[in-house]
Amino acid sequence: MTRIEEAKKKLRGSIAPIITPFNEDNSVDYETLESLINWHIESGSHGISVTGTTGEPSSLTVEERVKVMEVAAKVINGRVPFVPGTGSTNHAETLYLTKKAQEIGVAAVLIIVPYYNKPSQHALYKHFKTIADSVEIPIILYNIPGRTAVNLQVETLAKLSRDCSNIIGVKESNKDFEHVNRVLLECGRDFLLYSGIELLCYPMLAIGGAGHISATANVVPNKVAEVYEAWNTGDVQRALDLHYELMPLNDVLFKDTNPAAVKTALGMMGKINPVLRLPMDLPTQSLQDEIREVLKQYVELPSIASK
């Protein structure tokens, strides 16, 4: 079995996009990162991702991103697939981080459509193909037009999948469900399609998706993983029940820009010190109160956090 074939077989389920925990002085809290990774694996997450959108990569230095990857790889130690985010708005930086990930030894990398630049489809093709040609590891592209201002069109994605054998999938944080259906039509049914929209995790499985990379997994990793497990074992009703059970939590966690609400929830759970680097910040007090009330329906909060 080739590396690509193995990746297509293993990279399925809930790949948890873990937050980057910070100390009060804004330094990266590597000890807590290790604890979170172990908790995710124990809770049933099928894979681990770091320094994706939920990991605040644009607030990290390149050196910090490399160290986060190194620490994560050491803690994971091959127990589940490791898929770090290596994309940025800078082409050379993306190349460097992707090559570093290959050196570290990862299952695949997640590379976002460059944000702020608003490249054309032609430029996107050239950007991603250049990176794919520079490494041998599998690549999952990341399309999130709400944060990049550019949509990776199906035609561009299909051309990349044909021309680059190591581009094996895409995370679609795209509310256009017609678009995501056409991804599998044009790229092939064996192309790995992941949902990055929480309310589309279940629907994407129904059309042949490989799983989801959902920020909500930070808070209830067991339930987000169970959505996939239930579907994969044929318990469609359980998967559907979980889809609706998670909806109120999904809703409240996205009433502020991710990962502000997620970090707030994890702080209430006693998992992290809820710190974001400016220009990101914690939600308003009224939203924090709402998060706490919704969170009580899903997890038992420490007494100090449930007041």
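Here is a list of conditions, (1) over 27 Å from GLU293 (Cα atoms); (2) modelled with pLDDT of 95 or more, and MET247 meets all of them except one; can you say which number that is?
Every condition holds for MET247 apart from (1).
Is one or more of the residues making up segment 129-144 at pLDDT below 95, in a loop (DSSP other than H, G, I, E, B) and more than 20 Å from the chain's Cα centre (by Cα)? Write out each step before concluding.
Of all residues in segment 129-144, those at pLDDT below 95 come to none.
No.
For THR32, state whether it is assigned to a helix (DSSP H, G or I) and within 12 Å of the chain's Cα centre (by Cα).
Considered against the rule, which asks whether it is assigned to a helix (DSSP H, G or I) and within 12 Å of the chain's Cα centre (by Cα), THR32 comes out as no.
Within segment 14-22, is there a residue that is among the aromatic types (Phe, Trp, Tyr), assigned to a helix (DSSP H, G or I) and either within 19 Å of the chain's Cα centre (by Cα) or surrounded by 24 or more Cβ atoms within 10 Å (Cβ to Cβ) (or both)? Break it down stepwise before answering.
Residues of segment 14-22 among the aromatic types (Phe, Trp, Tyr): 22.
Then drop every residue that is not assigned to a helix (DSSP H, G or I), which leaves none.
There is no residue in segment 14-22 that is among the aromatic types (Phe, Trp, Tyr), assigned to a helix (DSSP H, G or I) and either within 19 Å of the chain's Cα centre (by Cα) or surrounded by 24 or more Cβ atoms within 10 Å (Cβ to Cβ) (or both).
Of the residues THR53, THR32, which is crowded, with 19+ Cβ neighbours inside 10 Å and under 18 Å from ALA265 (Cα atoms)?
Working: THR32 fails: crowded, with 19+ Cβ neighbours inside 10 Å.
Just one listed residue meets the conditions, THR53.
Taking only segment 202-231 into account, find how many residues are among the aliphatic types (A, V, I, L, M) and outside any loop (DSSP other than H, G, I, E, B).
Total satisfying the criteria: 9.
Show the residue pairs that are 6+ apart or on different chains and have beta-carbon atoms under 7 Å apart, the first residue being within segment 92-114 and within 17 Å of GLY55 (Cα to Cα), the second being among the charged types (D, E, K, R).
Correct list of pairs: LEU97/ARG65; LEU110/LYS171.
Out of all the residues in segment 154-199, which are buried (at least 20 other Cβ atoms within 10 Å of the Cβ) and part of a loop (DSSP other than H, G, I, E, B)?
Once the filter is applied, which keeps residues that are buried (at least 20 other Cβ atoms within 10 Å of the Cβ) and part of a loop (DSSP other than H, G, I, E, B), segment 154-199 yields SER173, ASN174, PHE191, GLY196, ILE197.
Quick test of your reading of the structure: ALA73 fulfils all but one of (1) assigned to a helix (DSSP H, G or I); (2) farther than 21 Å from LYS10 by Cα; (3) among the aliphatic types (A, V, I, L, M); (4) in contact (Cβ under 8 Å) with a residue 12 or more places away in the chain. Name the failing condition by number.
(2)
Whether any residue in segment 49-60 is acidic (Asp, Glu) and part of a helix (DSSP H, G or I) is what I want to check.
No, because not a single residue in segment 49-60 is acidic (Asp, Glu) and part of a helix (DSSP H, G or I).
Select from segment 163-190 the residues that are of a type in the set (D, E, K, R) and either touching a Pro at 6+ places or on another chain (Cβ under 9 Å) or touching a residue at least 12 places away in the same chain (Cβ under 8 Å) (or both) and list them in ascending order.
Going through segment 163-190, the residues of a type in the set (D, E, K, R) turn out to be 163, 171-172, 175-176, 178, 182, 186, 189-190.
Result: ASP163, LYS171, GLU172, LYS175, ASP176, ARG182, GLU186, ARG189, ASP190.
Among (1) of a type in the set (Phe, Trp, Tyr); (2) crowded, with 16+ Cβ neighbours inside 10 Å; (3) over 15 Å from the mean Cα position of the chain (by Cα), which single condition is TYR244 missing?
Unmet for TYR244, out of (1) of a type in the set (Phe, Trp, Tyr); (2) crowded, with 16+ Cβ neighbours inside 10 Å; (3) over 15 Å from the mean Cα position of the chain (by Cα): (2).
Kindly provide the set of residues from segment 1-13 that are within 27 Å of LYS67 (Cβ to Cβ) and in a loop (DSSP other than H, G, I, E, B), ordered by number.
Within segment 1-13, LEU11 is the sole residue that qualifies.
Somewhere in segment 255-273, is a residue in contact with a Pro (Cβ under 6 Å, 6 or more places away or on another chain), in contact (Cβ under 8 Å) with a residue 40 or more places away in the chain and either assigned to a helix (DSSP H, G or I) or of a type in the set (S, T, N, Q) (or both)?
yes
What are the residues in segment 272-298 that are among the basic types (Lys, Arg) and within 21 Å of the chain's Cα centre (by Cα), if any?
Start the filter on segment 272-298 by keeping residues that are among the basic types (Lys, Arg), which leaves 277, 292, 296.
Of everything in segment 272-298, just one residue is among the basic types (Lys, Arg) and within 21 Å of the chain's Cα centre (by Cα), namely ARG277.
Any idea which residue in segment 115-128 is nearest to THR2 (Cα to Cα), counting only those that are free of Cβ contacts under 8 Å to residues at least 24 places away in the same chain and assigned to a helix (DSSP H, G or I)?
The first filter runs over segment 115-128 and keeps only residues free of Cβ contacts under 8 Å to residues at least 24 places away in the same chain, leaving 120, 122-123, 126.
If we keep only those that are assigned to a helix (DSSP H, G or I) as well, we get 122-123, 126.
Working: HIS122: 30, ALA123: 30, LYS126: 26 Å.
If we take residues in segment 115-128 being free of Cβ contacts under 8 Å to residues at least 24 places away in the same chain and assigned to a helix (DSSP H, G or I), then LYS126 is nearest to THR2 (Cα to Cα).
The values are calculated or read from the model by the stated rules, or taken from the named source; none is laboratory data. Computed from a predicted model, the values in this text were never measured in an experiment. All Cβ positions, glycine included, derive from the backbone under ideal geometry; neighbour counts span all protein chains shown.
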